[in-house]
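Here's the structure, in structure tokens; my notes come after.
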Amino acid sequence: MLDLRLYMLQRVTAIVMGPLVIGHIILIVYAIRGGISAEEILSRTQGSLWWGLYYGTFVLAVSVHAAIGLRVITSEMLGLRGVGLSVLTWGSFAVLLVMGARAVYAVTAA
Amino acid sequence: MAAAQKYMQVSVWRGDEATGALEEFDVPAQESQTILDVVSWIQQNADATLAYRYACRVGMCGSCAMMVNGKPRWTCRTHVKKVLGDNGRLTIEPLRNLPVIKDLATDMTEFFDKWIAAEGVFHPTKTRYDEIEGIDPESSVRVEANAAIECINCAVCYAACDVVSANPDYFGPAALNRAWSLVNDTRDGGQAARLEAVSSNGGCHNCHSQQGCSTFCPNELNPTLSIAGLKRETVTSLFRRRS
Amino acid sequence: MIRPHRAHPLWLAFLLHRISGLGLALFLPAHFYVLSLALTRPASLDGFLHWTENPLLKVSEFGLVFLLAVHMFGGLRLLALEFLPWSPRQKTFAAAAAVASAFIASIFFISAVA
């Protein structure tokens, strides 16, 4: 299920995401005060390299982290093994990475 | 003369995993009585065909563990009073996560095979002609090893662990705890193979730190701590190998 | 019904970590999809954000913030358990993670409805 390589990836992405999650929560609480609008979000993020890097890193880390997590859960709870398990791991990684990258591009591209 | 004899209702697992079922027995209640006393009373007085396993009766041999009211226990040192539910009932079943041979006796082969697969085996580096190696009892590795050595192989932790039930390859807390005590044995010559073994598919990285092992270990060992030690050791060895 | 061998605080902490992780993983595609609307259909994004002003949605968002915070604090607890010297206060740490997460989610909620 989890060998040393996957374990390391899971822990490294977790450590990377620690500060990112704290920043994200602070941003959420800040952004929603007095309602939230697309214009408000985009005016902050569009054309910003820093937000692009911040959320780009976040998306990459979470795609790896969630794919490994889903791998462990499906193998332990549904008994999936072998090729099927690899397909699920890589598949969920790809879906999250592509959708996440699209979202980051959508809100940060000028 | 004592008051009228009181009885308790005891449900005992009979048969194998597939076709077995719980069977009810009325067992005389005593002032001081262990679960093993209850099982022995049934076998000696109610049904001589009841299969169960024990040897030392004093918590040293590790052969009498069973599920008592759903929790893994060493039955020879578990007092009835301590575990009797509010309804005064007792349910005694074979250990979880192991194949049942018959009634309360489980097949512990895989438990011990995994012990070996996890490299929970000493690899000597000296012969009988060498001097005995001096070990400083205060040294940090010896202190780490000390914390893990009192295991009696009872498989209570193995039965408590949900990772074992979810992942048949997983070595389990006892085997990994043993591997950790050997990682801290300076006389051992098999460290590289051991770190490789505990990094394999069934290895320490599967542990979710649920700590059922530490919660139920009758000798109050902490296999979760040992497994965390293995995780750390395998990670640092990765960097050591690269440099 | 939690089986007897699981009825201890650190197993419940494991359960919370697994449920929060699974919940977040399933929520992410929806989150990413909505944000990508900014590129394709900005009007739909704004419409969606107005829809989230609904009180019921605020309660769900409280839940999401709680899941995120509790998965982070629970994860920090596990990292500390694995990589720092062992502390016997595992149950205290697990409880603190849950309490801190509820606190953070409450700050979010108050800020959202105020």
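Coordinate-derived values only; no laboratory data. For clarity, every value in this text was computed on a predicted model and none was experimentally measured. Positions of Cβ are backbone-derived with ideal geometry, glycine not excepted, and every protein chain shown enters the neighbour counts.
Is the shape of chain A rounded, prolate or oblate, going by the alpha carbon gyration tensor and its root eigenvalues a ≥ b ≥ c, with a/c under 1.5 for rounded and a/b larger than b/c for prolate?
Prolate, since a/c reaches 1.5 and a/b exceeds b/c.
Think of each Lys and Arg Cβ as +1 and each Asp and Glu Cβ as -1; about the Cα centre, that makes the dipole of chain C roughly 500 debye. Inter-part distance, segment B:164-187 to segment B:118-160, computed on C-alpha centroids, equals 12 Å. Of the GluC sites (Glu not before Pro) found in segment B:18-112, the ones in coil according to DSSP and having at most 16 other Cβ atoms within 10 Å of their Cβ are B:GLU31.
Taking the longest Cα principal axis of chain B as reference, the axis of helix B:223-242 is set at about 20 degrees. In the distance distribution for chain B, Cα-Cα pairs more than 22 Å apart total 58 percent. Computed over the alpha-carbon atoms, the protein assembly as shown gives an Rg to Rh ratio of 1.06, Rh here being the Kirkwood radius from the mean inverse distance. Charged side chains reduced to their Cβ positions (Lys and Arg at +1, Asp and Glu at -1) give the protein assembly as shown a dipole of some 760 debye around its Cα centre. Largest GNM mean-square fluctuation across B:ALA179, B:ALA29, B:ALA228, computed for chain B with C-alpha springs under 10 Å, falls on B:ALA29.
Would you tally the net charge around C:PHE93, using a Cβ to Cβ cut-off of less than 15 Å, leaving C:PHE93 out, and scoring K and R as +1, D and E as -1? Don't jump to the answer; show the numbers that get you there.
Values: positive: C:ARG77, C:ARG89, C:LYS91; negative: C:GLU82.
Taking every Cβ under 15 Å from that of C:PHE93, the sum is +2.
Rounded, prolate or oblate, given the Cα gyration tensor of segment B:109-242, with a/c below 1.5 counting as rounded? If you can, show how the numbers build up before the last one.
Details: a/c = 1.69, a/b = 1.44, b/c = 1.18.
Cα axes put segment B:109-242 in the prolate bin.
Each of A:THR74, B:THR127 was scored by other Cβ atoms within 10 Å of its Cβ. Arranged with the fewest first, they read B:THR127, A:THR74. If you build a Gaussian network model of chain B, linking Cα atoms that sit under 10 Å apart, which residue out of B:PRO94, B:PRO124, B:PRO72 swings the most? Its mean-square fluctuation being the largest, the pick is B:PRO124. Listed by Cβ neighbour count within 10 Å, with the fewest neighbours leading, A:MET99, A:MET77 appear as A:MET77, A:MET99.
Answer rounded, prolate or oblate for segment B:7-106, using the Cα gyration tensor with square roots of eigenvalues a ≥ b ≥ c: rounded when a/c is under 1.5, else prolate when a/b is larger than b/c, else oblate. Before the final figure, lay out the partial values.
Details: a/c = 1.40, a/b = 1.16, b/c = 1.21.
Cα axes put segment B:7-106 in the rounded bin.
For n ≥ 4 DSSP H runs only, could you compute -39500 (n - 2.57) per run for chain C, divide by its residues and tell me the 222 nm figure to the nearest 500? It comes out at -29500 deg cm²/dmol, rounded to the nearest 500. Using a Gaussian network model of chain B in which every pair of alpha carbons under 10 angstrom is joined by a spring, one finds that among B:PRO223, B:PRO137, B:PRO173 the greatest mean-square fluctuation is at B:PRO137.
If the only charges are +1 at each Lys and Arg Cβ and -1 at each Asp and Glu Cβ, what is the size of the charge dipole of chain A around the Cα centre, to the nearest 20 debye?
140 debye
For chain C, the alpha-carbon coordinates run over 53, 31, 28 Å along the three principal axes, in decreasing order.
By other beta-carbon atoms within 10 Å, ranking A:TYR55, B:TYR52, B:TYR170 with the fewest at the front produces B:TYR52, A:TYR55, B:TYR170.
Taking Cβ atoms as reference points and 14 Å as the exclusive limit, the residues near C:LEU84 contribute a net charge of +4, counting Lys and Arg as +1 and Asp and Glu as -1. Placing unit charges on each Cβ (+1 for Lys and Arg, -1 for Asp and Glu) gives the protein assembly as shown a dipole about its Cα centre, and among B:LEU195, C:PRO85, B:GLY120 the Cα reaching farthest toward its positive end belongs to C:PRO85. Selection among A:ALA109, A:ILE25, A:ILE73 by position relative to the dipole of chain A gives A:ILE73 as farthest towards the positive end (Cβ unit charges, Cα centre). Inter-part distance, segment B:8-71 to segment C:19-70, computed on C-alpha centroids, equals 54 Å. Based on C-alpha pairs under 8 angstrom that are at least 6 apart in sequence, segment C:10-113 has a relative contact order of 37 percent.
Electrostatic tally near C:THR40: other residues with Cβ closer than 14 Å to its Cβ, Lys and Arg +1, Asp and Glu -1, net +1. Loop-resident trypsin sites (Lys or Arg not before Pro) (DSSP state other than H, G, I, E or B) in segment A:1-109 with no more than 11 further Cβ atoms inside 10 Å of their Cβ: A:ARG33.
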